[in-house]
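Comments concern the structure below.
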2 protein chains.
Amino acid sequence: MTIKDEFHFIDKIKQTKNRQPQLVEGIGDDAALYKAKPDYLEIVCADTMAEGVHFLKDVSSPVDIGYKALAVNISDVAAMGGVPKYYLVTIAVPKNWSEEELVEIYAGMDEIASFYSMDLIGGDTVSTSDKLVITVTVIGEVQRDKQRLRKDARPGDSVFVTGTIGDSAAGLQILLGNLSVDEDNASAFLVNRHKRPMPQVKAAQLMSFAERISLNDISDGLASELNELCEASCVKMIIEKDRVPLSDSLRSLNFEQLDEWILYGGEDFELVGTVPPSAFDLLQKKCTDEGISLTKIGHVEAGPSEVLLIHNGKQTKLKKSGFNHFK
Amino acid sequence: MTIKDEFHFIDKIKQTKNRQPQLVEGIGDDAALYKAKPDYLEIVCADTMAEGVHFLKDVSSPVDIGYKALAVNISDVAAMGGVPKYYLVTIAVPKNWSEEELVEIYAGMDEIASFYSMDLIGGDTVSTSDKLVITVTVIGEVQRDKQRLRKDARPGDSVFVTGTIGDSAAGLQILLGNLSVDEDNASAFLVNRHKRPMPQVKAAQLMSFAERISLNDISDGLASELNELCEASCVKMIIEKDRVPLSDSLRSLNFEQLDEWILYGGEDFELVGTVPPSAFDLLQKKCTDEGISLTKIGHVEAGPSEVLLIHNGKQTKLKKSGFNHFK
C-alpha cells in the first residue's frame, strides 16, 4: 500500500471529537496527553496481530480484523478489573493492501472503541513488504485496590467463567473449511464468536464489590489460563468438565474435537477467575441481572500448582498448552 | 525465528527489579499497572520500525536497532516537554532472526531505558513471514501547564534548535556506501549520530522555567518540523541558513548534497522550537551550563503558515517534504 497523502489519511481515521473528558491532546502533536484520575491506577497493554498468523486476508474482512485487534486488548484491561479509555494503533502495511482497506481496519476498531467511549490517541503507519502487522496499545484505569491479579486465588475459592467456552475455536474451523455445520444459525453464531469477540468489561465491573478476586481472560485457552492462575497463586484447581458452559450451537456439533476446542481452543475472550465462595452467589446474581452468564466450574485447593479435570469419575491433569493459531 | 519457550524468553528480557517507584505491576499479568502522579499529565506515543524500510539487518546490529526503536519514542516525549517512564515492545519476527538476536534487540532498548530509569512493562512477540516489525510504546509524564505543543509559537518568538543538524542523514549515506569520508573520526561520529540518536530529554527539562515554548523533535527533517510548527501556530518563520548549527564532522564533508541533508535529512532527534526572545538568553545559558548547545536560527513573524529560508540575501520557501528512508 502507498498512502498518497499521510495527512489526508489521518483526517480519514481521526475522530471528529474527543470522547474522554480527561483527554488533553489526542492525535496531532508528537504524543498524546491525558489527565489521570486520582485514586485510580493506569492500566497499559499491547498486542500484535500478524497476517497469516493471527488472521487471513481471504477469511476476515478488514473491519473484522480491526475490531478484533482492539477487542483483544480491551479484554486484557477487563481481566485487570478495569475499563478501557484510550488506544494507539501502529500498522506496517504491504503493497497489496489498499488505502480503503486500511480505512476499514480503523473503522472496525472505531466500532468497538465508540461502544466504550474510547479515544484513538496516536500511532504510526509505515510500509513493509509481504505481510500486514498491526499493534494496538490500550490504556485503561481501575480504582486503586480493585485491580484483579492472577496471584489472588486462595484455597476454598470457587472457580468461575463468564459466557460459554470453545465457540471461537469452532468458528475458526468453520472459517478454514475444516468443519461444516448444517444449521446456518449455529454456524453464523460460532463464526461471529471468533471474528467479533465481546470483551467482558461489564462483568469485570460487576465484580468490583468483591474484596478479592483472581482474574484472567481466555485468550490462549481455558487450560492455559487456569494453569496461569494456579502458578501465580501457588494453588491447585479441581475443574468439573461437565460444568464448563457450552453454547447450544457448540453442543449441537457433537464433533470429536469438541473437547480440544473447549480446553485448548482459546480466543473466547471470556473471563476466568476465582472468588471466595461467600461472594459467589452475589456475583452470579449481579451478572445474571445484567444478562451475563457466570458459571462455577470448580474450586481451588491447597497443593502444588496444577489443574485437575474431573470427568466421568476420572481425574486428568490439564496441560498448559494453548492456542496455536493456524499451525 | 521460533522461540522455543516463551516463558524462558521473557525471563531473559525481564528486568531484575523495577526502576520506577510508581510501578505497581510490570510484566507478568494481563496488563501493567502504575500510579500516575497528581499535577502531572500522562504522555503516550507509539512508533513502528520495519526491516527494509527503517533499518537494514546487514547495516545495523540488533543492539543498535533496539536502541533506536526506543530512542525515537523517548524523543517524542521530550518534544512534549516530558520525561519518559515506561515502555512496551511488540515484535513480529520472521524465521531468519535468531532468539539471540532478539535478546540483543531488547538489550539495546535496555541500554537507553536504564539511562532514564524506564521500566519495560509489557508487549508481545509473535512470528511473521519475511520482515521484522518492531513497535515501541512509551509512556511519560509532564507537569501540568508545562506541556510543549506545536501550536504555541507566536510572532516575535526566537526559533531555536538543540545540537547539530544533518549528521544522521550523512551517517546513513556512509552506512549505505554512498558516501566515503576520509577522516575516520568524522565517519564514526556521523554513523553514531544515525545509529544512536540521543533524545534531548534534559534540554526539554531545562526549558521548564519558560512560560511558553513551542516544540517539536526533528524526526522527518528540519524543514518538515518547522512547517509543522508554523501550521499548528498559524505563523510564518524566517530562518537564516548560515545560523543552522553543523558539526565539525559534517562541515568537513563539503559535499554537494549537504544542504539537502541539513534541511530534509531528518532523524537527528534534536529539538526545534520557539521561545519569547525575553527568555532566550536564559534558556541558552541553562543549556550551555549543562553542555547542551542551543542555537537561534531565526524568528517568527505574523503571516501565512510558511517557512522562508534566507541565504546569501536570497529568500526561498522551504517545502514540507521530509525523510524518505531508503527510497
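The values are calculated or read from the model by the stated rules, or taken from the named source; none is laboratory data. Since we're looking at a predicted model, the values are computed, not measured. When we count neighbours, we look across all protein chains shown, and the Cβ atoms used for this are built from the backbone with ideal geometry, even at glycine.
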By residue number, the members of segment A:126-160 that are within 19 Å of A:ALA46 (Cβ to Cβ) and polar (S, T, N, Q) are A:THR128, A:THR135, A:THR137, A:GLN147
Hey, any hits in segment B:95-111 for a residue that's closer than 30 Å to B:LYS236 by Cβ and modelled with pLDDT of 95 or more? no
The one condition A:VAL77 fails out of (1) more than 7 Å from chain B (Cβ to nearest Cβ); (2) surrounded by 22 or more Cβ atoms within 10 Å (Cβ to Cβ); (3) in a helix (DSSP H, G or I) is (1)
Could you please find all residues in segment B:199-213 being hydrophobic (A, V, I, L, M, F, W, C) and surrounded by 17 or more Cβ atoms within 10 Å (Cβ to Cβ)? B:VAL201, B:ALA203, B:ALA204, B:LEU206, B:MET207, B:ALA210, B:ILE213
Criterion (in the same structural domain as A:GLY298 (by TED's automatic domain parsing), at pLDDT 95 or above and not acidic (Asp, Glu)) met by exactly one of A:GLY156, A:GLY177: A:GLY156
If I ask for residues that are surrounded by fewer than 17 Cβ atoms within 10 Å (Cβ to Cβ) and at pLDDT 95 or above, which ones from segment B:25-51 would you list? B:LYS37, B:PRO38, B:ASP39
Give B:GLY266, B:GLY291, B:GLY303 a once-over and let me know the one that is more than 24 Å from the chain's Cα centre (by Cα), part of a loop (DSSP other than H, G, I, E, B) and not charged (D, E, K, R). B:GLY303
Which residues, counting only those in segment A:269-278, are crowded, with 16+ Cβ neighbours inside 10 Å and either among the polar types (S, T, N, Q) or assigned to a helix (DSSP H, G or I) (or both)? A:THR274
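Mind listing whichever residues of segment B:112-153 are touching a Lys or Arg at 6+ places or on another chain (Cβ under 7 Å), at pLDDT 95 or above and farther than 23 Å from B:ALA32 by Cα?
Going through segment B:112-153, the residues touching a Lys or Arg at 6+ places or on another chain (Cβ under 7 Å) turn out to be B:117-119, B:128-130, B:139-141, B:152.
Within this subset, residues satisfying the condition of being at pLDDT 95 or above are B:117-119, B:139-141, B:152.
B:ASP152 - this is the single residue of segment B:112-153 that is touching a Lys or Arg at 6+ places or on another chain (Cβ under 7 Å), at pLDDT 95 or above and farther than 23 Å from B:ALA32 by Cα.
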Expected single match for assigned to a strand (DSSP E or B), crowded, with 23+ Cβ neighbours inside 10 Å and either more than 14 Å from every other protein chain (Cβ to nearest Cβ) or among the β-branched types (Val, Ile, Thr) (or both) among B:ILE134, B:ILE165 is B:ILE134
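For residues that are among the hydroxyl-bearing types (Ser, Thr, Tyr) and either within 14 Å of chain B (Cβ to nearest Cβ) or over 22 Å from the mean Cα position of the chain (by Cα) (or both), scanning just segment A:203-254, find the one that is nearest to A:LEU283 (Cα to Cα).
A:SER214
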Tell me whether segment B:236-246 contains one or more residues that are without any contact (Cβ under 8 Å) to a residue 12 or more places away in the chain and either β-branched (Val, Ile, Thr) or out of contact with any helix residue (DSSP H, G or I) (no Cβ under 9 Å at 6 or more places or on another chain) (or both). no
In segment B:80-113, anything small (Gly, Ala, Ser), more than 14 Å from every other protein chain (Cβ to nearest Cβ) and closer than 20 Å to B:ASP268 by Cβ is listed as B:GLY108
Out of B:ASP259, B:ASP281, I need the residue that is farther than 26 Å from A:ASP29 by Cα, acidic (Asp, Glu), surrounded by 13 or more Cβ atoms within 10 Å (Cβ to Cβ) and over 20 Å from the mean Cα position of the chain (by Cα). Which one? B:ASP259
